[in-house]
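Structure first, commentary second.
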Amino acid sequence: MARIVTCERREVARKSDGSRRPIVSGLLSDGTATVRFTWWDPPREGIERGLVLRVVGAEVGEFRGRAEVTFSWRTRVGPASVAELPRVSPEELPFRTVRDLRPAEEGFRVEVRVVRIATKTVSVGEERRVVYEGLVADRTGAIALSAWSDFALKVGEAVRITGGYVRGFRRRPQLVLDERSTVVRIEGEDLPDPTQLLESPPRSIAEVEDEGGGEAVAVEGIVVGLLPPSGIVFRCPTCGRSVRSGICRVHGQVDGQADLRARIVLDDGTGALTVNANRSATEKLWGVTLDEAQARLRSQPDPTLIEEQILEALLGRRLRVRGPGTKDDFGVTISPESIERVDIDLDATAEELLARLGERR
Ligand SMILES: [Zn+2]
């Protein structure tokens, strides 16, 4: 007896004759443990997150040291009700700190402070749904939160959360709450203050890199370059992906909409990372609007000139950047929530330089 936590439908090619065979794979949970599952030749419809299944005759195997179940033609799978799942009282669930939360984990308790919370409307299939997104934290770290039910969360509140689960979202773990989760207000004396987290002093880029990014990263450094694509880019009006030669890779031929961006390389002497500045941040830093940039492009139809002009304006500037940071093979990228320009005291810098040179003489 288990509930589908995540699922994805796709087709795999048969080795024998190359024909396509449908499968659904994802994660199953009974509230105490989570396992990966693969369902061969599933029903055409109705398999979705939240569905509770009664399964007889599944094959249990192991993949990379974790249990995995497979439903084949021998397996009998039928719907069941939530009431049939084992009852787990919140007191029995283990405590986790934010730092320990990993994707696909559930069946835990956490105590956190709400640092940020905002509502967003998203499309789920045909339906429009409200989702509450934010950031929560304890002493060990911060994690993004996404709630599909209204728990009336307010910034500054300390809460104990049970019945949530963790998923990987844009390479960062995210704590997800739904109608089965519970939220209890607590005192939370030992939880950090929201302002402590959001106004923490900048850390070294090497440290941020070691930690693999974070939900509330603050760094300060000098602009040493721009990465492509920077400048004027064209985006699909439906999905926002960048459009190449008028083609969106999902929506085909589209009428691309102009946008402005700068992928800034910031260096603080310990390391470098990328800051993905969106249109408004780029306009503010550069001092040129998208409309003005497009006018320049019309008079000189060479997009690389725009990129060069942005680089010229930003190169050598000291910036303080805050926002969530993710790490991949190319290093850390920050999606900035704020970019402040830090004025360098040129005289002091020059004196410091001279003093250092003096030491070497
Ligand atoms: Zn598109």
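The values are calculated or read from the model by the stated rules, or taken from the named source; none is laboratory data. As the structure is a computational prediction, the values presented were derived from the model and not from experiment. Cβ: placed from backbone, ideal geometry, glycine included. Neighbour counts: every protein chain shown. Note: areas computed on protein heavy atoms with side chains; ligands, DNA, RNA excluded. Shrake-Rupley method; radii C 1.70, N 1.55, O 1.52, S 1.80 Å.
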Where does segment 287-337 land on Rg(C-alpha)/(2.2 N^0.38 Å)?
-> 1.49
Which value, in Å², gives the accessible area per residue of the chain when a 1.4 Å probe is used on the protein heavy atoms?
-> 59
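Might you report the magnitude of the Cβ-based charge dipole of the chain about its Cα centre, with Lys and Arg at +1 and Asp and Glu at -1, to the nearest 20 debye?
With only Lys, Arg, Asp and Glu charged at Cβ, the dipole is about 1500 debye.
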Taking the Cα centre of each part, how many Å lie between segment 256-273 and segment 1-63?
-> 40
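What order, most packed first, do the peptides 233-240, 116-123 have when packing is the mean number of other Cβ atoms within 10 Å of each residue? Display every interim value, and only then the final one.
Details: 233-240: 14.9, 116-123: 12.2.
So the order, starting with the most tightly packed, is 233-240, 116-123.
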Among all the lysines, which ones have a C-alpha under 23 Å from LYS120's C-alpha, if same-chain residues fewer than 8 places away are not counted?
-> LYS154
How much mean residue ellipticity at 222 nm does the chain get from its helices, if each DSSP H run of length 4 or more adds -39500 (n - 2.57) and you divide by all residues, to the nearest 500 deg cm²/dmol?
-> -4500 deg cm²/dmol
Virtual spin-label span in nm between THR119 and SER19, 7 Å along Cα→Cβ | 5.1
Summed residue charge, Cβ within 11 Å of ARG96's Cβ, Lys/Arg positive, Asp/Glu negative | -2
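Mind putting a number on the dipole of segment 154-210 about its Cα centre? Charges go on the C-beta only, +1 for Lys and Arg and -1 for Asp and Glu, and I need it in Debye to the nearest 20.
On the way: 9 positive and 11 negative charges, 88 e Å.
Around 420 debye, computed over segment 154-210.
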Between beta-carbons, use under 9 Å as the cut-off and find the net charge around GLU11, counting Lys and Arg +1, Asp and Glu -1.
-> +4
The chain, Gaussian network, Cα under 10 Å: of PRO336, PRO43, PRO194, the residue fluctuating most is PRO43
Carbon-plus-sulfur fraction of the accessible area of the chain, 1.4 Å probe, in percent?
-> 48
Write out the GluC sites (Glu not before Pro) in segment 100-152 meeting two conditions: DSSP loop, and at most 11 other Cβ atoms within 10 Å of their Cβ.
-> GLU126
Net charge (Lys, Arg +1; Asp, Glu -1) of residues whose beta-carbon lies under 13 Å from that of ASN278, ASN278 excluded, is +2
